[in-house]
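Read the structure below first, then the notes.
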Amino acid sequence: FKENHINITKDNLKDFYNINLIQSDYREFISKHNQLYDLIHIDIIHTYEDTYICGEWSVNHAKLTVFHDTESFPDVKNVCLDLSKKYKLPFLNYKPSHGLGIIYNGTINT
């Protein structure tokens, strides 16, 4: 299912040349990449620790970080709240679709 999903997504995005879709374990990815991004979408294992590690790296490397499942998994929403407070960044929780936590870091220049 995952291989088919990634291929369908890549096919749907083929006309958008400014989108770079990367499928990777977050630990491997953050250990090798230090560039800045416009948007990072996080939808990983829903533990506080993993979401926090990935999320903290992301809010420091992207203008906009979106966390999926803030309404389905309280740990995900708690990470958003904690990172927003720690870095003094605005946080919006969009409740539909199991919740999307959106954190904006206006200090990132891509």
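The values are calculated or read from the model by the stated rules, or taken from the named source; none is laboratory data. Please read these numbers as outputs of a predicted model, since none were measured by experiment. Heads up, the Cβs are rebuilt from the backbone with ideal geometry, glycines too, and the neighbour counts pull from every protein chain shown. Only protein heavy atoms, including side chains, enter the accessible area calculation; ligands, DNA and RNA are left aside. Shrake-Rupley method; radii C 1.70, N 1.55, O 1.52, S 1.80 Å.
Please determine, by comparing only the residues of the range 27-67 that are part of a helix (DSSP H, G or I) and over 16 Å from residue 101 (Cβ atoms), which one is modelled with the highest pLDDT. Per the criteria, the residue is 49. Beta carbons closer than 9 Å, at least 6 apart along the sequence or on distinct chains, pair a first residue in the range 39-53 that is under 22 Å from residue 108 (Cβ atoms) with a second that is in a helix (DSSP H, G or I) and among the acidic types (Asp, Glu) for 44/50; 51/75; 52/75; 52/82.
In the set (1) without any contact (Cβ under 8 Å) to a residue 12 or more places away in the chain; (2) under 15 Å from residue 40 (Cα atoms), residue 66 fails one condition alone, (1).
Here residue 109 fulfils each of the conditions (1) in contact (Cβ under 8 Å) with a residue 60 or more places away in the chain; (2) open to solvent by 40 Å² or more (accessible area, probe 1.4 Å); (3) within 18 Å of residue 29 (Cβ to Cβ) apart from (3). Taking the conditions (1) under 15 Å from the mean Cα position of the chain (by Cα); (2) part of a loop (DSSP other than H, G, I, E, B); (3) surrounded by fewer than 19 Cβ atoms within 10 Å (Cβ to Cβ) in turn, residue 70 satisfies each one other than (3). Scanning the range 2-27 for residues that are open to solvent by less than 100 Å² (accessible area, probe 1.4 Å) and within 12 Å of residue 57 (Cα to Cα) yields one hit, 26.
Kindly provide the set of residues from the range 28-38 that are exposed (fewer than 11 other Cβ atoms within 10 Å of the Cβ) and of a type outside the set (Gly, Ala, Ser), ordered by number.
Kept after step one, since they are exposed (fewer than 11 other Cβ atoms within 10 Å of the Cβ), are these residues of the range 28-38: 28, 31-32, 34-35.
Of everything in the range 28-38, those that are exposed (fewer than 11 other Cβ atoms within 10 Å of the Cβ) and of a type outside the set (Gly, Ala, Ser) turn out to be 28, 32, 34, 35.
Annotation for the range 39-49: no member residue is of a type in the set (Ser, Thr, Tyr) and crowded, with 19+ Cβ neighbours inside 10 Å.
Evaluation of residue 8 against the conditions (1) more than 25 Å from residue 91 (Cα to Cα); (2) of a type in the set (A, V, I, L, M); (3) modelled with pLDDT of 95 or more shows that the sole unmet condition is (3). If you filter the range 1-38 down to residues that are in contact (Cβ under 8 Å) with a residue 12 or more places away in the chain and among the hydroxyl-bearing types (Ser, Thr, Tyr), you find that the one that is nearest to residue 64 (Cα to Cα) is 37.
Looking only at the range 73-106, residues that are in contact with a helix residue (DSSP H, G or I) (Cβ under 9 Å, 6 or more places away or on another chain), over 16 Å from residue 50 (Cα atoms) and open to solvent by less than 50 Å² (accessible area, probe 1.4 Å) come to 7 in all.
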